[in-house]
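Notes to accompany the following structure.
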2 protein chains.
Amino acid sequence: MLPGWWQESNNLPKRQNVKTVQSIDRAFSLLEEIAREGAGISDLARSVNLPTSTVARLLYTLEDLGAIVRTIDDTTYQIGPALLTMATTVDPTQSLLAVAQPHLLDLVEALGETVGLSIPAGYDVHYIGEADSPHPVQIRDWTGVSLPMHVVPAGLVILSQWPNDAVDRFLDRPLDRFTSKTVIDPEQIRSRLEVARRQGYLWAHEEFSEGINSVAAPLYNNTGVVMGALHSHGPAYRFPDETMEEIIGQRLVQVAASISEALGYHP
Amino acid sequence: MLPGWWQESNNLPKRQNVKTVQSIDRAFSLLEEIAREGAGISDLARSVNLPTSTVARLLYTLEDLGAIVRTIDDTTYQIGPALLTMATTVDPTQSLLAVAQPHLLDLVEALGETVGLSIPAGYDVHYIGEADSPHPVQIRDWTGVSLPMHVVPAGLVILSQWPNDAVDRFLDRPLDRFTSKTVIDPEQIRSRLEVARRQGYLWAHEEFSEGINSVAAPLYNNTGVVMGALHSHGPAYRFPDETMEEIIGQRLVQVAASISEALGYHP
DNA sequence: AGGCACTTCCCGCATTATGGGAATATTGTA
DNA sequence: TACAATATTCCCATAATGCGGGAAGTGCCT
């Protein structure tokens, strides 16, 4: 049976009466259509279901702003410099956070525990942000902290995607122990990486700190490379409900896949 | 003295009577402001000089669309998933073209000769697009064609940014000769790479094809790596005017710098 | 040449965005 | 903890602004 805190992410804690601005809404429908596939005015008018003249005006505005460009053959529109420049201006960490944020919130709502993001930094994982659990009892915010990859699942799932020789170099160093349960034996670590690869997620029980359990799943960018991990953690006394490890893990994998996709990853 | 075709790029061959859509214009001012630096509603209202309530409504719309997100601390806005996803969806070649296009048009207007873009592909340069000269006599469109790097300045300027050992491997192969003027001697090529590095641009005179001269300058992406070249070429009888080689080269470098900057490059 | 489809332009109408201002929330300060 | 200062959210009357039908212009294919 599902514990009380489990709920489908119905999300949308929207404000009350607010109306959105029509023309901006429409402009973004067009942009999304164009991003999906470049097209001319009348094609676009058909696909967003608006009169041609309206679409023409909106596109003219977007073109004027540099958000879209006509391709050299002058017949179809494409996403333009202004938009691309805005996107590249954002520093990659921020952009990962921005892309992931709505998913984090969904997941917090579904799991009832804190959910966070981390990125590799040398042989450490660096926690770049989290969305907090609504629970009154919660784990401190680890944002900004770096930890050795082998003590947290976030690190282990990242490691699990590295090529073998890189893993060998990683393990060919003395590994710190954080709690009595920290796994520091290279062979045991290797077999956990295998588990992570097979399942897509990995659990750790009080290996980094007494009283904290954690799961993680890897995130991929548009070049297919691991670029970080999504994790959730909570106090050991309530997280995870033993019967839920697999379900939670799979949910995490699902959400991680959505984030990767939004980052341009195509499996 | 400047030849007749030389002119400042006054560009903007705008349409006649068209009005842009106010709310979209404003929305993009906000997006640009946010991309430059995340900020809250009232800060943004001040910087774009609009009433707070108006800005609030515009931001709400953008947030609803996922174009912006509130940062985890909930006080400032950031560029959001929808925008970033659109940008990453575009394939990199297309996005380079899109970013560069306005600059290409400016440069064509200034030089009066065809201007194009190419990207490295193994030991070749691949021509991905061009903006044509208005001249009745012009060079054929090379879009889609690949050429060995050593026969065109576009290739040479890319090579000039490679690490030495990569250049060594490149030169340690038999190099094809295309015309009597093609340079295939490794030592001569090395010294031309040096020239390219020093000047920022490089000329070639009928080395790839009789009757064609060409200049190129390298383009850098946000990670600081060469990602292609900007070049211009024209019939040898008129291009370049001998006294103009340096001025044209420097202009090319300028424009290449603008493109690189729009790609996120910071020197 | 003729026809079809796409794009650009015009203009009267009312839908829609606008912004002043009040209410509420949040933050800083004593 | 209370109070002030600032930021955000909400409401609503007003007309400015975006809207879209339709005509004119352009280009393409057969």
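The values are calculated or read from the model by the stated rules, or taken from the named source; none is laboratory data. Just so it is clear, the model here is predicted, and its values are computed rather than measured. Backbone-built Cβ (ideal geometry, glycine too); neighbour counts: all protein chains shown. To get the accessible areas, we keep the full protein, side chains included, count just its heavy atoms, and leave off ligands, DNA and RNA. Shrake-Rupley method; radii C 1.70, N 1.55, O 1.52, S 1.80 Å.
For (1) open to solvent by 50 Å² or more (accessible area, probe 1.4 Å); (2) farther than 27 Å from A:Phe208 by Cβ; (3) touching a residue at least 60 places away in the same chain (Cβ under 8 Å), each residue gets a yes or a no:
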site: A:Leu83; (1), (2), (3): no, yes, no
site: A:Ala87; (1), (2), (3): no, yes, no
site: A:Thr114; (1), (2), (3): no, no, yes
site: A:His126; (1), (2), (3): yes, no, no
site: A:Trp142; (1), (2), (3): no, no, no
site: A:Val145; (1), (2), (3): no, no, no
site: A:Leu156; (1), (2), (3): no, no, yes
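Restricted to region A:17-39, and to residues there that are assigned to a loop (DSSP other than H, G, I, E, B) and within 7 Å of another protein chain (Cβ to nearest Cβ), the residue that is surrounded by the fewest Cβ atoms within 10 Å (Cβ to Cβ) is A:Val18. Within the set B:Thr76, B:Thr61, the sole residue that is among the hydroxyl-bearing types (Ser, Thr, Tyr), more than 30 Å from B:His135 (Cβ to Cβ) and facing chain A (nearest Cβ under 9 Å) turns out to be B:Thr61. Taking each residue of region A:40-64 that is more than 11 Å from DNA strand D (Cβ to nearest atom) and looking for partners that are open to solvent by 30 Å² or more (accessible area, probe 1.4 Å) and not hydroxyl-bearing (Ser, Thr, Tyr) with beta-carbon atoms closer than 6 Å, six or more apart or interchain, yields A:Leu44/A:Glu33; A:Ser47/A:Glu33.
Annotation: B:Thr75 fulfils all but one of (1) surrounded by fewer than 24 Cβ atoms within 10 Å (Cβ to Cβ); (2) more than 13 Å from DNA strand C (Cβ to nearest atom); the unmet one is (2).
In summary, B:Val69 fulfils each of the numbered conditions (1) crowded, with 22+ Cβ neighbours inside 10 Å; (2) in a helix (DSSP H, G or I); (3) of a type outside the set (Ser, Thr, Tyr) with the single exception of condition (2).
Looking at region A:40-58, which of its residues are within 8 Å of another protein chain (Cβ to nearest Cβ) and open to solvent by 60 Å² or more (accessible area, probe 1.4 Å)? Correct list: A:Arg57 only.
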